[in-house]
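**Q** Okay, handing you the structure first.
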Amino acid sequence: MTNMKVKVIWTCGLLMLFLKGCFNKPVKDQYVEYLDKVEVWKGSCTVLPCKYTPKSTYDKFIWYYNAKYDVKNKDFNGTIVYNSKDGNDVDPLFAGRVQYVGKSDTIWRDCTIVIRNIQKEDEGTYNLRLLGTQKDAQKNDRWMSKDPLTIAVSDIGSTLKIHPPPEIRESEIVTLSCSISYYCPYNISFNWIEDVNGIDTTYFRKDTYEVSTTTSLQFQPSWRDHKKNITCVLNRDDGEADNKTVQLNVMYAPKNVNIFSNATIEIIKGVSTTLTCSVESSNPPDYDITWFKDNQRQNSKKGSASQLEVTYPGKYFCQAKNKIGETKSNLVEVSVLYAPVKPVIKKYGEPIQEGKDITLECSTKANPPVSLYVWFKDGAECYNRTSNRFTIYNIKEDNSGSYTCLARNNLGEANSDKLDLNVMYAPRYPRVVLKLDRPTIGEDDKIVFVEDKVIFVEGDQVIFQCNVNSSNPEVTSTIWYKNGRRISKKLNEPMKAEDAGSYICEAVNSAGHTKSPNIDVDIHYPPKDVDLWISSKSFKENETIKLKCISKTSNPQSSRHEWYKDGVLFKNTTEDFMVLQLEWTHTGQYSCNALNAIGSGRSSPRPIDVKYAPKNVTLTVIPGDYVTEHMDVTLKCTSRGKPTSIHYEFYLNDVFLSSSDGSFQLKDVQIKNIGKYSCSAENDVGEKRSNVVLLHVSYSPATIGKFASIAGSTFIVLLILIILIVRFRVSIKNAFRRRSVDDKSESSFFVMKKKDEAIIVQPSSRLRNELADNIGHPNPSIHSSTDQLHYSRVNFQASSKRQSNLSSATADNDITTIYSVVRKVPNTHEYENIASPSEIAREDSQDEIHYSVIANLNKKEKERERDPEVEYAKLKHS
């Protein structure tokens, strides 16, 4: 309890040290929270912990030094230490010495700053100004902290403090702390001067409750560290140092407690001896000494030494105790010599049961120890039994009797009282007996079954009994097992199917238990829990499914199976399954009946709903398949199928027309609607086409009259055309006849071609005039620039006069001669008329210049003399 109180006090002390907020509360107002005072020394730096509420309108803060309220301007004036938005506003006194060190990941907004190289002039009050814009943006939102933060500047700064725990105990972990109410991460350090093998740690605190730097030293003192000095040293970057020293006051239990005596002391019974207890050191120095004999308290005495007078044998030690703890001394055994006291026989291995090992022990006290033990059964000495323990291995019923022992040493002997042994054994030779109890059978005539295997029919009343040969003590209970597992079922109830199995009884008494041989019981019963299993959950026509009749239990197994459809016997099989090739007529409720020699069991009905593609697809034409044009015809498609949701499509000459729910209408039927109509019906299972219906459409009377008038008009037009054609052919024939009379000669034509010459032949004036008259346009000049042939004429004359003048006309102006100027255009394969001979002569790309003379010769005339430089071609006409 004392240790607990000390720990509680020490814990409270640490809380008071590190949670100074209990004594030094931070400055708080509606929006701002920071420390009320910070102590620093000249040339150092300091952190000003600060935070303000995350009000959305405040997005800027300013630290003021010695701020004062200007009543006239209704605003605060002072030296600006730090501006979160505009660094140019900072007063030169603080420029370059102030840094924002706040965190952005906090719930509150952080306004913490660090001021370096603090001078005496920096001493004073500091306030935080919050600025923002209200939502209506018409005026600024401002707030000045009500209470200031004070910075005190001195030459030494805060005082170094060392914090020893209120109590130090041996072997308990101790933590010494040394702290200063100051934090700056640049210019101080700590070290410890100690001889306790401690581990030092430095940590900082810089929140709105406290700013401090603390170093701790953790160690585990021993009692020899008592009154040792430990010093905490603070080193500053300006060369100054400070230190604090504490002397350890280690509390510990008494040390080196001893009894100055031999480890064993022998005395004669009736003679006493004195034992002395001493203590080397203790803190606190006051302690109590207590004596113990065989771990039993004897007495207590004050002081650094104590004595005890001893007259009885035992193991003695002393114990020194102060408020810290207690320490035991060494153990001293005092032995008193005497003859054996009356022995007592103890037995081990109870209960005494046949087959176990039993040990009898002759227990007595004697000093010196007993040198001889003698055992007796029913007054007779048991030879070769001279130790204090007598063990009977695998005890039997004939080991029962009265036992005594005798103990002896060199000072005397003593006899024990009698101990009776009654050997017990477990029930012997248990056996299962079964009796068939039926109303028609008398008590003495009940059938007893003792075979290894027995068969009963479900419902038989059977009595189970467990008989034993002998038992000591009597059988107290019987345990029954079925198939190796213990059962609690009453065994005098009518037999059920689940009662089949191998049975064993176990007879139990206080000595043990014995199991009987097993007897197998078989229960015959009709099929039970019959279920119809179907191999598929969906059924379509032409698919094969398997039906199986399953009985969970049946003894003996089912030998025959009956199959029912809609309650009517459908089939008998010896197998437990049936295979069906599904047809649409197989739809119905199916069940099965399993039969054995004892009885039968029927399953629950299960539905089989066979789905099949549409059947009997029929197309019907309303009013019939012979109609007259302009009538309305309805095509009706009917079928039977499952599922009954059927999609219909209509076709004309196997070309898709429309889809519907079974009806399609032809309005104002025309001759073009004549054809072979059919329909198809489709559901989820399949599709089938209907019969083909030939629709006949007859012309209406109005159409027949219209066609008759058109046919008459067409006939008259054709007749007129035939007459015109006949007259035209007759005219043409007469014209050819007249021409053949005028010119019966066979004419030849020559084309003459000149190379590399510019031949210009001028036709006669008569010929030019004649050509102009015949052709209908003037003759072109040979110097014309036209690209085309402007005229050509072939004149076949039958006159001999003209034939005789052919030679002269050729040189002069022959009317049967046609002149043309031909120019070959570069990069082409055609000849075109050219403009003038002068242009022909100038063009280097020109290949040739030629003219043609076509003469009409009579058959009797000879061919003209050929010029070797002229190419000739002969033309004939018939």
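**Q** Say the cut-off is 27 Å between C-alpha atoms; which of LYS496/LYS552; LYS161/LYS228; LYS74/LYS103; LYS552/LYS642; LYS565/LYS688 go over it? Before the final figure, lay out each step's value.
**A** Details: LYS496/LYS552 15 Å; LYS161/LYS228 19 Å; LYS74/LYS103 32 Å; LYS552/LYS642 35 Å; LYS565/LYS688 29 Å.
Cα-Cα > 27 Å for LYS74/LYS103; LYS552/LYS642; LYS565/LYS688; rest within.
**Q** Could you calculate the contour length gain from TYR338 to ILE463, that is, 0.36 nm times the residue separation minus the distance between their Cα atoms, to one decimal place in nm?
**A** 38.1 nm
**Q** Separate question: Specify whether the C-alpha gyration tensor of segment 323-423 places it in the rounded, prolate or oblate class, a ≥ b ≥ c being the square roots of the eigenvalues: rounded for a/c under 1.5, otherwise prolate if a/b is larger than b/c and oblate if not. Present the calculation step by step, with values, prior to reporting the outcome.
**A** Details: a/c = 3.39, a/b = 1.67, b/c = 2.02.
Taking the square roots of the gyration eigenvalues as a ≥ b ≥ c, segment 323-423 is oblate.
**Q** Here's something else I'd like to know. What number do you get for segment 529-684 when its Cα radius of gyration is normalised by 2.2 N^0.38 Å, N = residues? Don't skip to the answer; put the middle values down first.
**A** Working: Rg = 24.5 Å, N = 156, 2.2 N^0.38 = 15.0 Å.
Rg over 2.2 N^0.38 Å, computed on Cα atoms: 1.64.
**Q** Could you tell me which of the pairs LYS636/LYS667; LYS315/LYS365; LYS636/LYS706 are separated by over 23 angstrom between their Cα atoms in the structure shown?
**A** Working: LYS636/LYS667 14 Å; LYS315/LYS365 15 Å; LYS636/LYS706 33 Å.
From the list (LYS636/LYS667; LYS315/LYS365; LYS636/LYS706), the Cα-Cα distance tops 23 Å for LYS636/LYS706.
**Q** Please give the peptides 351-358, 554-561 ranked by average Cβ packing (other Cβ atoms within 10 Å per residue), highest first, as a rough proxy for protection. Walk me through the numbers before you get to the answer.
**A** Numbers: 351-358: 15.9, 554-561: 17.4.
Highest mean packing first, the order is 554-561, 351-358.
**Q** If you don't mind, another one. Could you tell me whether segment 266-374 comes out rounded, prolate or oblate from its Cα gyration tensor? Rule is a ≥ b ≥ c as square roots of the eigenvalues, rounded for a/c under 1.5, then prolate if a/b exceeds b/c, otherwise oblate. Could you put the intermediate results ahead of the total?
**A** Details: a/c = 4.61, a/b = 2.05, b/c = 2.24.
Verdict is oblate for segment 266-374.
**Q** Ok, one more. For the pair PHE707/GLN298, report the inter-label distance in nm, with labels modelled 7 Å from Cα in the Cβ direction.
**A** 15.3
**Q** So, one more: Tell me, what is the percent relative contact order of segment 253-404, built from C-alpha pairs under 8 Å that lie six or more residues apart?
**A** Worked out over segment 253-404, it gives 20 percent.
**Q** Would you work out which of PRO185, THR159, THR175 lies farthest towards the positive end of the dipole of segment 88-207, given +1 charges on the beta-carbon of Lys and Arg and -1 on that of Asp and Glu, about the Cα centre?
**A** Highest projection toward the positive end goes to PRO185.
**Q** Given 0.36 nm per residue, what is the gain on full extension from SER559 to THR634 after removing their alpha carbon distance, in nm?
**A** Details: separation 75, 0.36 × 75 = 27.00 nm, distance 6.14 nm.
My answer for the length gained is 20.9 nm.
**Q** Out of the trypsin sites (Lys or Arg not before Pro) in segment 465-494, which ones are loop residues according to DSSP with at most 16 other C-beta atoms within 10 Å?
**A** Here the trypsin sites (Lys or Arg not before Pro) that fit, given the DSSP loop and packing criteria, are LYS489, LYS490.
**Q** Given a 1.4 Å probe and the protein chains all in place, what does the accessible area of ASP141 round to, in Å² to the nearest 10?
**A** 20
**Q** Using θ = phi - 60° and the Karplus curve 6.51 cos²θ - 1.76 cosθ + 1.60, what whole-Hz ³J(HN,Hα) does each residue of segment 603-617 get, with Gly and Pro shown as x?
**A** Rounded to whole hertz, the list is 8, 6, x, 10, x, 10, 10, 7, 8, 8, 5, x, 10, 6, 6.
**Q** Over segment 363-409, what is the relative contact order in whole percent, taking alpha-carbon pairs under 8 Å and six or more residues apart?
**A** On the way: 56 pairs, mean separation 25.0, N = 47.
For segment 363-409, the relative contact order is 53 percent.
**Q** By how many nm would the segment from LYS146 to ASN117 grow when fully extended, if each residue of separation counts as 0.36 nm and the alpha-carbon distance is taken off?
**A** On the way: separation 29, 0.36 × 29 = 10.44 nm, distance 2.72 nm.
Gain on extension, LYS146 to ASN117, equals 7.7 nm.
**Q** State the three equivalent ellipsoid semi-axes of segment 238-322, derived from the C-alpha gyration tensor as the square roots of 5 times its eigenvalues, in descending order and whole Å. Could you put the intermediate results ahead of the total?
**A** Working: eigenvalues 371, 25, 17 Å².
Each semi-axis is the square root of five times an eigenvalue, giving 43, 11, 9 Å.
**Q** Loop only per DSSP, at most 12 neighbouring Cβ atoms within 10 Å: give me the chymotrypsin sites (Phe, Trp or Tyr not before Pro) in segment 160-194, ordered by residue number.
**A** Numbers: sites: TYR182, TYR183, TYR186, PHE190, TRP192; in loops: TYR182, TYR183, TYR186.
Passing both the DSSP loop test and the Cβ count: TYR186.
**Q** Given a Förster radius of 45 Å and the C-beta distance between ARG727 and SER663 as r, what FRET efficiency does 1/(1 + (r/R0)^6) yield to the nearest 0.05?
**A** 0.10
**Q** If you don't mind, there's one more thing I want to ask. Please report how far the C-alpha centroid of segment 532-608 lies from that of segment 337-379, rounded to the nearest whole angstrom.
**A** Result: 81 Å between the Cα centres.
**Q** Name the long-range amide H neighbours of GLY675: under 5 Å, sequence gap of 5 or more, or other chain; modelled H, no Pro or chain starts.
**A** Those lying under 5 Å, H to H, from GLY675 are LEU695.
**Q** Across bins of 10 angstrom width beginning at 0, how are the C-alpha pair distances of segment 186-338 distributed, in whole percent?
**A** Spelled out per bin, shortest first, that is 10, 26, 19, 14, 12, 10, 6, 2, 0.
**Q** A further question on this structure: At 7 Å along the Cα-to-beta-carbon direction for both LEU411 and LEU719, put a label point, then send me their distance in nm to one decimal.
**A** In this crude label model, LEU411 to LEU719 measures out at 18.0 nm.
**Q** On to the next question. If R0 is 51 Å, what FRET efficiency do you get for LYS453 and TYR348 from their C-beta distance, rounded to 0.05?
**A** On the way: r = 46 Å, r/R0 = 0.90.
Once the sixth-power term is evaluated, E becomes 0.65.
**Q** log10 I(q)/I(0), Debye, Cα-only segment 395-548, no solvent, q = 0.12, 0.15, 0.16 Å⁻¹?
**A** -0.71, -0.89, -0.95
**Q** Taking the Cβ-Cβ separation of GLU381 and LEU436 as r and a Förster radius of 60 Å, what is the calculated FRET efficiency to the nearest 0.05? If you can, show how the numbers build up before the last one.
**A** Working: r = 60 Å, r/R0 = 1.01.
Efficiency, from the Cβ-Cβ distance: 0.50.
**Q** For segment 61-151, divide the Cα radius of gyration by the Kirkwood radius and give the resulting Rg/Rh value with two decimals. Provide the component values of the computation, followed by the final result.
**A** Details: Rg = 13.9 Å, Rh = 14.3 Å.
Expressed as Rg/Rh, it is 0.97.
The values are calculated or read from the model by the stated rules, or taken from the named source; none is laboratory data. Nothing here was measured: the structure is a model prediction, and the numbers come from that model. Heads up, the Cβs are rebuilt from the backbone with ideal geometry, glycines too, and the neighbour counts pull from every protein chain shown. When the accessible area is computed, the model is the full protein with side chains, heavy atoms only, and any ligands, DNA or RNA have been set aside. Shrake-Rupley method; radii C 1.70, N 1.55, O 1.52, S 1.80 Å.
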